[in-house]
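Have a look at the structure below before the remarks.
The values are calculated or read from the model by the stated rules, or taken from the named source; none is laboratory data. Keep in mind that this is a model prediction, so the values were computed, not measured. FYI the Cβ positions are ideal-geometry reconstructions off the backbone, even for glycines, and counts take in every protein chain you see.
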Amino acid sequence: MSVPAIPDALFRQAERGVLPLGELFQGAQTLIDEGAPHAAIRLYETWLEHTRSPLAYAVWFNLAIAYSGTGNDTSAERGYIKAISENPRFIEARLNLGTLYERLGRPDDALATWNAVLAEVPDLADQHKLHVQTLNNLGRLLEIRKRLPEAEEILARSLELNPDQPNVLTHWVHLRQKLCRWPVYQPFAGITVETMRRHTSALAMLGASPDPAEQLAASRHFIAEKVADAGPALAPPEGYPHKRMRIGYLSSDLCSHAVSILTAELYELHDRSRVEVYAFSWSREDNSPLRARVVGAMDHYIRIDRMTDEEAARCIRSHEIDVLVDLHGLTLGARPGILGWRPAPVQLTWLGFPGPTAIPGVDYVVADAFVLPPELEPHFTEKPLRMPHTFQINDRQRAIGATPERAASGLPEGAQGAFVFCSFNSNFKFTPSVFDAWMRILQRVPGSVLWIVADAEPTRDNLVREAEARGVDGSRLLFAGRVPPAEYLARFRLADLFLDTNPFNAGTTASDALWAGLPVLTWAGQTFCSRMAGSLLHAVGLPELVTHSLADYEETAVALATDPARMAQLRARLAANRDASPLFDTPRFVRDYEDLLASVVKRPAGLPLSDEPDPIRTHAVPDPSPGQLSVQQNSMLALMRAGMHSVVEVGGATLGQAWRAREAKSHFTAITTDPEAGGWSTNVIRAEPETMDDAQWQQAAPAQCWLFPETLERLRDPWAFLHRLRREALGRVEVIACVNNAQNWLVQSLLASGNFHYQAGGMPDRRSLHLFTRASVATLLQDCGFAVVEMTAVHAHQPPPAVLAAIRQLAEAAGTDPVLAEQDALPYQYLVRAIAA
């Protein structure tokens, strides 16, 4: 690898302590721009060793940034601390140090670092922009850490210093909603209520306004402010000639989240003779059973979290997705820019955001006749695709725990005659008008209590204070803590009636209550989100629990609470209807849903539909189109950290062109014997990896990342190779590997049938010298001094039920966990990212 040398004159001047600061900065930056950050670091270190200057703090600061750019976070931390010690008023170093701590998973250290700016910098008021930035950093991280009152107070201080901060104002408004600080819109610092409403987020507006026009305006404002215009549409408008419909799900909520709680069974029940199911995900790896189940049910699970919106869109386009279903909308972490590139001929939104998204390129919204009536259509940018019964799917596999005693949950015993109203909706959905009605209901139903969830103690305090201001003893508000899913569902059985919120109804929570057998009383308004629970109640056969005004809602609640016989009849009807009703008939829902998508899918006229590939011949992973990256290549690219200056790929340069397109100034080295290699990479080491000599190892040693695209298992001794890689590396080094799963159900089937024949580029691959499973590849890396920081699975077609049953039986016979054995049999490959420990 060719590394620019430090100019001799600069180096000699630095050694003599006479290199001017401006020339030092310019020379070091030139080296960094040329892909030689380690040389820039040596230049900075030499200058500091031989120069005494009151401006050394600035050099330490730049040195810390350079360390960080090479992944040397320990030295970066030391550099920032040294800069601060030499100039305690140097706020930029404190800001960067806090950001480093946050990235390293040390949020408390980050908060302490930024709080120190407020406490220790005497002339902070004179550095207005940095003062505001410090407050905003604190407010953002405090909100993430669920320290909501502190976050709201800090952001208010920021707005007092600079009222013209729309993004900060957006967060401040939503924090007040979550804390139930009413009125939410409280003018201060010259900021008017009108300005606050204009900068209310699309999600917050669903709970703040019953006006569909105002909800649409909030979504349009978000799109105008946050979403850049994309390039020309990527997908052909006429569609693709596929026999099976390719459905792509776009989401960051394929984990323990309300969206997955609803949709888990959908992915399992999709008719594979009719559809092929893809996930394009930037979901967190929460290791929950729900996440494992959702990921395992996908035919193809593709991570896009490290891709730009355009890269993600092009990845989706490469898979020729027929219908792209956005499960995210405009909620936290949304990536509407992907949809703007139109990577699929048909794009629709569903479940994630119950309102108009205004996202360019989204054609349809999944709805039903109740939740989106014709008079609401002018307030949507999407056309409704109406399901025959309800828009919301449900999972019948949600387990309900044993029903606890009321006393164990902090509720009055039944013998005391207490009627328990509950509302387990998010607190930001609570509004003063609904809370007024709740308090009047409590006053009219003697001895009754209201059972709610409020995670933040200040929220609980605010609600108790609001209750007492309305003449209700605060002790009649009872607060439920967080419990595991099965216990949470069982808890609904302790309540007598669920009181819904308006204008933002319960969605998943209403389904939870009904699934557990608790009747739900709702107040339906004029917006999609205010009609969700009404849709569910119609589908479960309880339409009389849908009211259409606040007065009717209040009167119905009181009438039900004072009529035990009627409540018993409602519960009995709900129990009788539950499994037979359309609301919980998930197989029927999936059939209707697939029919709905088939009615809008596009197919080119005059072209025969293509045959599906044989899943064993192609190993259930489609070949990429010419010029496009494969699933594995896209996924490996997504794992690579931005900003890496040097990369080595073992066995070729399959990712060279794509990586250089993303990091134009980086160096990409291929270790390969291919005589044609060279056009797509900066450098080629022409050798078998395990025969490289010392000079060739020295050439590759500065690399920050080593890639093994199905090549780790082809090494004769991967243990020895990884040990030497770690020993030769000049800095902190990462390994990203795509490894075939030897425990995959197809491999097990081939072994059992005696048809385990090696193939050229097939399954099993004749080039593979080792077989790895999830556990053994992790052990390999750990034994060689690497810490596994990320491991994701590439899924393909689901195995036949009989194969899964056999795998479970074999695991039981061998004394191992059958559930884990089944889970580990589903991935086709693993993508692993590990860092030298």
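General observations
- Condition met for ALA358 (part of a strand (DSSP E or B), buried (at least 22 other Cβ atoms within 10 Å of the Cβ) and either out of contact with any helix residue (DSSP H, G or I) (no Cβ under 7 Å at 6 or more places or on another chain) or assigned by TED's automatic domain parsing to the domain that holds LEU327 (or both)): no
- Taken together, the criteria exclude VAL371 from residues that are closer than 21 Å to LEU266 by Cα, surrounded by 22 or more Cβ atoms within 10 Å (Cβ to Cβ) and touching a strand residue (DSSP E or B) at 6+ places or on another chain (Cβ under 8 Å).
- Residues of region 783-809 that turn out to be without any contact (Cβ under 8 Å) to a residue 24 or more places away in the chain and not small (Gly, Ala, Ser), as a count: 4
- Candidates PHE391, PHE353, PHE380, filtered to the one that is touching a residue at least 12 places away in the same chain (Cβ under 8 Å) and touching a His at 6+ places or on another chain (Cβ under 9 Å): PHE353
- When the criteria are applied in full, SER256 fails the requirement of being hydroxyl-bearing (Ser, Thr, Tyr) and crowded, with 20+ Cβ neighbours inside 10 Å.
- Inspection of region 487-498 identifies at least one residue that is part of a helix (DSSP H, G or I), of a type outside the set (Gly, Ala, Ser), within 31 Å of the chain's Cα centre (by Cα) and under 30 Å from GLN215 (Cβ atoms).
- Among the residues making up region 680-721, those that are in a helix (DSSP H, G or I) and among the polar types (S, T, N, Q) are THR691, GLN696, GLN698, GLN699.
- Looking at ASP436, ASP395, ASP461, ASP455, just one residue is outside any helix (DSSP H, G or I) and surrounded by fewer than 19 Cβ atoms within 10 Å (Cβ to Cβ), and that residue is ASP455.
- Residue check, TYR301 crowded, with 24+ Cβ neighbours inside 10 Å, of a type in the set (Ser, Thr, Tyr), touching a residue at least 24 places away in the same chain (Cβ under 8 Å) and under 18 Å from ILE247 (Cα atoms): yes
- Residue that is nearest to ALA670 (Cα to Cα), among those in region 695-713 that are touching a helix residue (DSSP H, G or I) at 6+ places or on another chain (Cβ under 9 Å) and surrounded by fewer than 17 Cβ atoms within 10 Å (Cβ to Cβ): TRP697
- Candidates in region 93-119 are the residues that are of a type in the set (D, E, K, R) and crowded, with 17+ Cβ neighbours inside 10 Å; of these, the one that is farthest from GLY69 (Cα to Cα) is ARG94.
- Residue check, ALA506 farther than 20 Å from TRP350 by Cβ, modelled with pLDDT of 95 or more and of a type in the set (Gly, Ala, Ser): no
- Candidates TYR80, TYR101, TYR57, filtered to the one that is touching a Leu at 6+ places or on another chain (Cβ under 6 Å) and either at pLDDT 95 or above or in the same structural domain as LEU31 (by TED's automatic domain parsing) (or both): TYR80
- Pairs are defined by a Cβ separation below 7 Å, a sequence spacing of at least 6 or placement on different chains, a first member in region 206-223 that is at pLDDT 95 or above, and a second member that is in a helix (DSSP H, G or I) and of a type in the set (Ser, Thr, Tyr); the pairs so defined are PRO210/SER530.
- Residues of region 472-495 satisfying the condition of being in contact with a strand residue (DSSP E or B) (Cβ under 8 Å, 6 or more places away or on another chain) and either closer than 17 Å to ALA437 by Cβ or outside the structural domain of LEU442 (by TED's automatic domain parsing) (or both): ARG476, LEU477
- Restricting attention to region 43-65, the residues that are of a type in the set (S, T, N, Q) and assigned to a helix (DSSP H, G or I) total 2.
- Selection from region 161-205 of residues that are exposed (fewer than 14 other Cβ atoms within 10 Å of the Cβ), at pLDDT 95 or above and more than 23 Å from LYS226 (Cα to Cα): PRO183
- Screening region 629-654 for residues that are at pLDDT 80 or above and of a type in the set (Ser, Thr, Tyr) and picking the one that is farthest from PHE708 (Cα to Cα) gives SER646.
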